[in-house]
Amino acid sequence: MSALTDLQQNAQTSFAALSSREKRMVIGAGLAVAVFIVFMVVFSFGNKADAIRRRTADKLIKLEEVQTLAAGYRDAKAKQDALETQLRASNIRLVSYLEDKAKPAGIELPSINPKADVPLEGSKIVESAVEVTLTDVKLNRLIDFLQAVEAGPGIVRVKYLRLEPRPAQETVTAWLTVATYKLK
């Protein structure tokens, strides 16, 4: 503590020995140093505050992205669950199903060839399919038949459709593959 007191006394005696012009210069330099120190403190606090605000804004943006992704995940999960429920309930015998849908549309099914059940790659889903050949069918009846087939219960889809028009009779010959899906 005495060293600090000695330093203060030395500074006071040195300052008292200065001329009035030198005293003003020392006071001005001291004020300049004080202003510089205050500026540096305020500037560093301002930079810190800006950095904190920027990081907070970045985190808020990331939080909004996470919330958006979570909502999207919930929607996708709900769709997947609904599809799995539909697949579990799907136990359609395609041959009889197609025959039932062909009668109201006024179509005869002369050729239905069942294919072997095939598990879809990388999933628990099994595809059952049949190949159907329809000869000399009116286009409007074919459209009604296809809409009825895909509108039925479970998941039934027309995977392949090839048409050959017969302009003279105003009919078409159609080759199609119809598939249904179920869980293993």
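Apart from one condition, T5 fits all of (1) surrounded by 10 or more Cβ atoms within 10 Å (Cβ to Cβ); (2) assigned to a helix (DSSP H, G or I); the exception is (1). Only one entry in A78, A70 is in a helix (DSSP H, G or I) and under 25 Å from R157 (Cβ atoms), namely A78. Among residues of the range 133-157 that are surrounded by 17 or more Cβ atoms within 10 Å (Cβ to Cβ), those with a beta-carbon under 9 Å from a residue that is outside any strand (DSSP E or B) and of a type in the set (S, T, N, Q) at least six positions away or on a different chain give the pairs I155/Q86; I155/S90; V156/S90.
Going by the conditions given, is N47 in contact (Cβ under 8 Å) with a residue 24 or more places away in the chain and of a type outside the set (A, V, I, L, M)? If you could, list the steps in order and put the result at the bottom.
Numbers: in contact (Cβ under 8 Å) with a residue 24 or more places away in the chain: no; of a type outside the set (A, V, I, L, M): yes.
No; evaluated as a whole, the condition is false for this residue.
Of the numbered criteria (1) out of contact with any Phe, Trp or Tyr (no Cβ under 8 Å at 6 or more places or on another chain); (2) in a helix (DSSP H, G or I); (3) of a type outside the set (S, T, Y), the one L18 fails is (2). Taking the listed residues V26, V95, the one that is free of Cβ contacts under 8 Å to residues at least 40 places away in the same chain, part of a helix (DSSP H, G or I) and closer than 20 Å to V178 by Cβ is V95, with no other qualifying.
Table: residues versus (1) of a type outside the set (A, V, I, L, M, F, W, C); (2) more than 15 Å from K182 (Cβ to Cβ); (3) touching a Phe, Trp or Tyr at 6+ places or on another chain (Cβ under 9 Å).
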| position | (1), (2), (3) |
| --- | --- |
| I61 | no, yes, no |
| Q67 | yes, yes, no |
| A71 | no, yes, no |
| A76 | no, yes, no |
| K79 | yes, yes, no |
| L83 | no, no, no |
| L87 | no, no, yes |
| A105 | no, yes, yes |
| A116 | no, no, no |
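Test A49 against the criterion of being under 32 Å from the mean Cα position of the chain (by Cα), over 30 Å from Q169 (Cβ atoms) and at pLDDT 85 or above, and give yes or no. No, not satisfied. Among the residues of the range 158-184, just one is under 14 Å from L94 (Cβ atoms), surrounded by 12 or more Cβ atoms within 10 Å (Cβ to Cβ) and of a type in the set (D, E, K, R), namely K182.
The values are calculated or read from the model by the stated rules, or taken from the named source; none is laboratory data. These numbers come from a predicted model, not from an experiment. Please note: Cβ atoms are built from the backbone with ideal geometry, for glycine as well, and neighbour counts cover all protein chains shown.
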